[in-house]
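One structure below.
The values are calculated or read from the model by the stated rules, or taken from the named source; none is laboratory data. A quick note: this is a predicted structure, and the numbers were derived from the prediction, not measured. Neighbour counts are summed over all protein chains in view; Cβ atoms, including those assigned to glycine, are modelled from backbone coordinates with ideal geometry. The accessibility values were calculated without ligands, DNA or RNA, using every heavy atom of the protein model including side chains. Shrake-Rupley method; radii C 1.70, N 1.55, O 1.52, S 1.80 Å.
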Amino acid sequence: MTFALFSIFNALAFHFEIEPGVSILFPATAIAILACMSFGWWAAIGVILGTIATPWGENAGLRLLVVSGVISAIEGMIPWLVFRARRDLSPDLRDMRSLLAFLVFGTVINTGFSAIAGNVLIINHPAGVHLVWREVFVWWIADFTAALLLATPALAFGSALFSRIRTTDSRRLAQEREVDRRPRTIANALQILAVIVMLGFATSIVIRMTLLNRVEQDVKHERVMAAVTLVDAFVFLVLGLASATLVLNISRPFEQMHAALDAVRDGRPIDPASIESSYLEFRSLADALGETQAELRRRESELRLQTERAIEASKHKSDFLAKMSHELRTPLNSIIGFSDLLAEQEGTIEAEKRIAFLDNVSTSARHLLGLINDLLDVSKIESGKMTMHFEPIDLRTAIANSIKSTSPLFMRKRQQVIVSVPDEPMMALADRSRVEQVLLNLLSNANKYSPEGKKISVLSAINGGDWRISVKDNGIGINNDDQHRIFDDFEQVYTRGPNSSGTGLGLALVKRFVEMHGGAVSVESTPGEGSTFTVTFPKT
Ligand code: ADP
């Protein structure tokens with residue numbers, strides 16, 4: 001293919017010859033560069049053969065034709081060698097460095113070499129003259145124009161076409177595909193366009209100024225004019241084609257982006273890949289749009305979850321308030337009722353009855369106080385204002401203290417408490433009074449929910465990095481279904497009478513306090529047989 005194309009364009013150049021052997025329009029240079037950039041050495045052979053096949057003059061010997069072909073081949077091979085040596089440069093000029101490298105080595109230096117070498121080795125000069133700079137200039141500007149106006153845009157924007165016909169060397173192909181996948185930026189496309197248009201017009205002006213006035217013969221004059229007109233026309237063509245491509249490539253993604261934005265607004269799913277564009281700016285905009293939508297969806301589900309939680313919390317709060325007012329009203333009604341009775345029957349009431357009434361008032365008031373204290377603790381914990389005084393303590397002492405405080409309760413119900421603690425100290429970093437409060441709650445529950453005369457045990461042991469303390473009773477036990485809810489605020493399994501000492505907050509506080517120590521609470525129970533509540537505290 002190189003051979004055929006180079007031959008055709010080489011023959012064409014002959015019609016623009018204005019010096020012996022020197023043409024003012026040499027499009028074959030662009031073919032040599034493009035072919036060498038794509039096929040390497042094979043293209044160089046095609047160029048040499050093409051030169052031999054289409055000689056300009058009848059008396060051009062084989063030696064001269066081979067030299068001429070080699071010069072053209074070297075002209076094409078110089079940029080190829082540079083791009084081969086520097087793998088970071090992309091052959092389709094996707095960045096400024098690649099564009100500059102190609103301009104220097106693919107349009108200026110290589111054509112400069114061929115112009116000088118050609119003038120010295122190919123052109124016939126009078127005896128004693130080896131180099132004529134004016135001829136060198138004509139040769140150079142002809143080759144440079146072709147390289148700039150044909151090779152540069154073809155290489156930059158025809159990359160898809162070129163990569164398809166390029167060598168099958170799999171390693172190189174894979175590498176080039178990697179480069180091809182990287183989209184071009186709009187800035188880069190505009191840079192290439194600006195360079196081609198500016199240098200193209202500059203070239204045509206230079207040709208006009210330097211050559212038109214100097215060539216005397218009409219025929220030559222016409223050839224230069226034709227070349228200059230062609231150059232101008234080509235610059236306009238490149239400008240027109242590139243502008244149309246840019247406008248199309250830019251307006252299409254804008255429309256797609258618009259549609260995607262509408263979709264985001266309406267909550268419809270979008271596919272960022274549907275915004276197809278060969279420009280990096282639009283790709284990143286499309287990606288950003290996709291990310292925005294994903295983020296919006298994430299926020300939406302987060303909000304939904306938070307709303308559900310808020311509704312749940314508000315419901316819980318209403319339940320809590322309803323239960324709390326009920327809990328407060330019951331003992332208060334009892335206090336008011338009995339004190340009214342005492343006031344009404346003053347003077348007539350028997351001493352025994354009065355004591356019973358006063359006892360009721362006192363029990364209800366104590367219950368109220370206990371309830372308020374528990375409520376205060378709960379609200380302090382909830383608002384994060386509960387201060388804990390952590391210090392190294394021996395949990396055995398806390399067990400002994402809580403048993404001591406609850407012993408009157410056990411004595412009243414003739415319940416025996418058995419304690420089992422290890423010989424060594426049960427050291428833990430804990431708040432002494434809160435640990436005792438936990439144990440007191442468990443012990444008073446065991447007392448409350450076990451019939452008279454039943455045995456209660458407090459067992460302690462080590463379990464991995466934790467101390468385990470279990471309070472085991474042989475009382476009424478708890479249903480399996482109820483076991484999970486007894487740790488919630490105000491949850492009670494059995495409805496109590498007005499004089500009940502329970503608040504329904506005890507186990508809720510136990511759970512919170514134990515967790516604030518880094519431990520946990522659990523229950524095992526069989527209805528009618530008894531319950532075992534176990535708390536753990538991390539060892540120090
Ligand atoms: P209360 O003040 O009512 O005892 P708690 O929060 O301490 O409240 O306990 C919640 C509920 O768990 C109790 O109402 C009771 O039904 C059940 N419960 C707690 N401890 C025991 C136990 N040792 N045996 C049987 N049931 C228990």
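Things to note:
- Here T210, T167 are screened, and the one residue that is open to solvent by 40 Å² or more (accessible area, probe 1.4 Å), polar (S, T, N, Q) and modelled with pLDDT under 85 is T167.
- Residue list for region 491-520, filter: modelled with pLDDT of 95 or more and either within 7 Å of the ligand (Cβ to nearest atom) or under 14 Å from A446 (Cβ atoms) (or both): V510
- Yes/no for T54 being at pLDDT 85 or above and under 21 Å from G158 (Cα atoms): no
- Filter result for M411 (surrounded by fewer than 16 Cβ atoms within 10 Å (Cβ to Cβ) and touching a strand residue (DSSP E or B) at 6+ places or on another chain (Cβ under 8 Å)): no
Listed here are the residues, each with its yes/no results for (1) more than 53 Å from the chain's Cα centre (by Cα); (2) assigned to a helix (DSSP H, G or I); (3) in contact (Cβ under 8 Å) with a residue 24 or more places away in the chain.
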residue: N188; (1), (2), (3): no, yes, yes
residue: L193; (1), (2), (3): no, yes, yes
residue: M198; (1), (2), (3): no, yes, no
residue: V206; (1), (2), (3): yes, yes, yes
residue: T210; (1), (2), (3): yes, yes, yes
residue: M225; (1), (2), (3): yes, yes, no
residue: F236; (1), (2), (3): no, yes, no
residue: A244; (1), (2), (3): no, yes, no
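- Residue selected from region 521-535 under the condition of a type in the set (S, T, Y) and more than 10 Å from the ligand (Cβ to nearest atom), by the criterion nearest to L395 (Cα to Cα): T534
- Within region 386-408, being surrounded by fewer than 17 Cβ atoms within 10 Å (Cβ to Cβ) and among the hydrophobic types (A, V, I, L, M, F, W, C) holds for M388, F390, A400.
- Within region 265-284, tally of residues that are closer than 26 Å to R298 by Cα and crowded, with 17+ Cβ neighbours inside 10 Å: 5
- Residue match in region 469-489 (condition: modelled with pLDDT of 95 or more, polar (S, T, N, Q) and within 45 Å of the chain's Cα centre (by Cα)): no
- Answer from N59, N124 - the residue that is in a loop (DSSP other than H, G, I, E, B), touching a Gly at 6+ places or on another chain (Cβ under 8 Å) and open to solvent by 20 Å² or more (accessible area, probe 1.4 Å): N124
- Filter result (more than 14 Å from the ligand (Cβ to nearest atom), in contact (Cβ under 8 Å) with a residue 12 or more places away in the chain and part of a helix (DSSP H, G or I)) within region 401-432: N401, S402, I403, S405, R432
- Against the list (1) farther than 19 Å from G506 by Cβ; (2) modelled with pLDDT under 90; (3) touching a Gly at 6+ places or on another chain (Cβ under 9 Å), the condition R414 fails is (2).
- Residue in region 382-400 that is in contact with an Asp or Glu (Cβ under 8 Å, 6 or more places away or on another chain), modelled with pLDDT of 95 or more and in a helix (DSSP H, G or I) present: yes
- Inside region 437-490, residues that are in a helix (DSSP H, G or I), within 9 Å of the ligand (Cβ to nearest atom) and without any contact (Cβ under 8 Å) to a residue 24 or more places away in the chain make up a count of 1.
- When the test is whether a residue is under 30 Å from N360 (Cα atoms), open to solvent by 70 Å² or more (accessible area, probe 1.4 Å) and at pLDDT below 90, H316 does not pass it.
- The condition of being surrounded by 10 or more Cβ atoms within 10 Å (Cβ to Cβ), touching a Phe, Trp or Tyr at 6+ places or on another chain (Cβ under 9 Å) and without any contact (Cβ under 8 Å) to a residue 12 or more places away in the chain holds for only one of I349, I336, that being I349.
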